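A.B. asks: The structure's right below; bear with me while I get my questions together.
FYI, it's all coordinate maths here, none of it is from the lab. Keep in mind it's a predicted model, so treat the numbers as computed, not measured. Because the Cβ atoms are built from the backbone with ideal geometry, glycine has one as well, and the counts that use them run over all protein chains shown.
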Amino acid sequence: MTRPQSGIFAVGTPSHTYLEFDLRPGADAAALVTSIAGLRDPGSTVAGIDIVSGFRPELWRRLRPDGIPPGVVGFNEPIEGIEGFTMPATQHDAVVWLAGASYDVVFDAAHRVIATVAALATLADETAGWSYRADRDLTGFIDGSENPGWLDAADAALVADGSPGAGGSVLLLQKWTHDVDRWESLSVTSQEKVMGRTKPDSVELDPRPSDSHVARTDQDDFGDVFRRNMPFGTVSRHGTMFVGFSPEQRRLARMLDSMAGRVNGQRDALTRFTTPVTGAYYFVPSVDALREFVPAP
Ligand code: HEM
């Protein structure tokens, strides 16, 4: 059995930090993997943190040509949608996602991670995420209703045993900033038409508008993914960190194309109220694959 990074599935943590790094010019990519894979969290089981790490697909493939599904690539080009809508490409070399019970432990751990890799990589993006009213996005809607349950999450996220990159996952990390005034100027009924679900209890509308978010990302059309989205930001500037895992890049990429209007000529209504400001794919290797870079003590 190939073991995944368990933090992918460690739901229920309210404090998060996403650190994206660029390899320094001339620095050794294998040394960066060793440095990240060797991170140790000194916290206890109560005040500790979950660590999930991923790498630019091209970087990981250079180190482990058979350790990643064929064809997985970085977010190297922006996605040009219809009506001038664009999703930017902001690919970096590595990501470390830290999650914990409170922001102080996450903050201290992030500080240590940044210092540990400093000789090899520079911090390119840092985003602090926090859960809002248990499971709501800052649009006020419940986010994650159609996520696969705990028995099915692994199948929705992980490359199957026997395939290149087994136990790993393709992560799409995409930061969206909400247009707060425009969103809040809508009635709840209009907001529900945008999402395709009711606001208080996340019941799918029947019929749902064909440009609603749930219609444009329907997993029956594109395949299952496992989402760990988190709110981020302040009252005046906030949004969603989309954190989506899949065994196949195609599922996530097709969803983005669909949201941008490139699948059936209909743009996701949600993209009129929130804007992607980053976008990167990372391959999140199994712990067994990472272990090869850090011999067991
Ligand atoms: C600002 C950005 C986003 C927000 C606020 C958001 C919010 C939501 C909400 C409220 C739902 C309905 C409840 C649920 O099933 O979780 C949903 C569903 C979903 N979203 Fe998003 N989402 C965002 C971006 C994305 C992106 C970028 C993708 C894909 C790349 C995506 C994929 C999905 C999928 C697969 C579903 C479930 C669809 C189904 O099978 O019913 N979302 N999202």
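A.B. asks: Among Thr86, Thr177, which comes first, then next, by fewest other beta-carbon atoms within 10 Å? Walk me through the numbers on the way to the answer.
C.D. replies: On the way: Thr86 12, Thr177 16.
Starting with the residue having the fewest Cβ neighbours, the order is Thr86, Thr177.
A.B. asks: Something else now. Most fluctuating residue of Asp93, Asp221, Asp155 in a GNM of the chain with Cα springs under 10 Å: which is it?
C.D. replies: Taking springs between Cα atoms under 10 Å, the residue moving most is Asp221.
A.B. asks: Taking other Cβ within 10 Å of each residue's Cβ, how do Ile51, Ile79 sort, fewest first?
C.D. replies: Details: Ile51 21, Ile79 18.
In order of increasing Cβ crowding within 10 Å: Ile79, Ile51.
A.B. asks: Further question on the same structure: Label point 7 Å out from Ala10 along Cα-to-Cβ: which residues of region 54-97 have amide N under 18 Å?
C.D. replies: Flagged as within label range: 54-55, 95-97.
A.B. asks: For a quick check, take a GNM of the chain with Cα springs below 10 Å and name the residue from Gly26, Gly48, Gly279 with the largest mean-square fluctuation.
C.D. replies: Evaluated over the chain, the most mobile residue of the options is Gly26.
A.B. asks: Still on this structure, I have one more. What distance in nm separates the simple spin-label points at Glu80 and Arg112, each placed 7 Å from Cα in the Cβ direction?
C.D. replies: Result for the modelled spin labels: 4.7 nm.
A.B. asks: Additional query: Of Val170, Val106, how do they rank once you tally other Cβ atoms within 10 Å and put the fewest first? Each step should come with its number before you reach the end.
C.D. replies: Values: Val170 28, Val106 23.
With the sparsest Cβ surroundings first, the list reads Val106, Val170.
A.B. asks: Ok, one more. Using every alpha carbon pair in the chain, what percent of pairs falls into each 5 Å bin from 0 up to the bin containing the largest distance?
C.D. replies: 1, 5, 12, 16, 19, 18, 13, 8, 5, 2, 0, 0
A.B. asks: Between Ala296 and Val203, what FRET efficiency comes out of the Förster formula 1/(1 + (r/R0)^6) with R0 = 41 Å and r the beta carbon distance, rounded to 0.05? Could the numbers behind the result be given before it?
C.D. replies: Working: r = 49 Å, r/R0 = 1.20.
After rounding to 0.05, the efficiency reads 0.25.
A.B. asks: Let me ask something additional. By the gyration tensor of its Cα atoms, with a ≥ b ≥ c the square roots of the eigenvalues, what is the shape of region 108-259: rounded for a/c under 1.5, prolate for a/b over b/c, or oblate?
C.D. replies: oblate
A.B. asks: Springs between alpha-carbon atoms under 10 Å, Gaussian network over the chain: tell me which of Ala94, Ala269, Ala134 tops the mean-square fluctuations.
C.D. replies: The residue with the greatest mean-square fluctuation here is Ala134.
A.B. asks: Once you place label points 7 Å from the Cα toward the Cβ at Arg40 and Asp220, how far apart are they in nm?
C.D. replies: 5.1 nm
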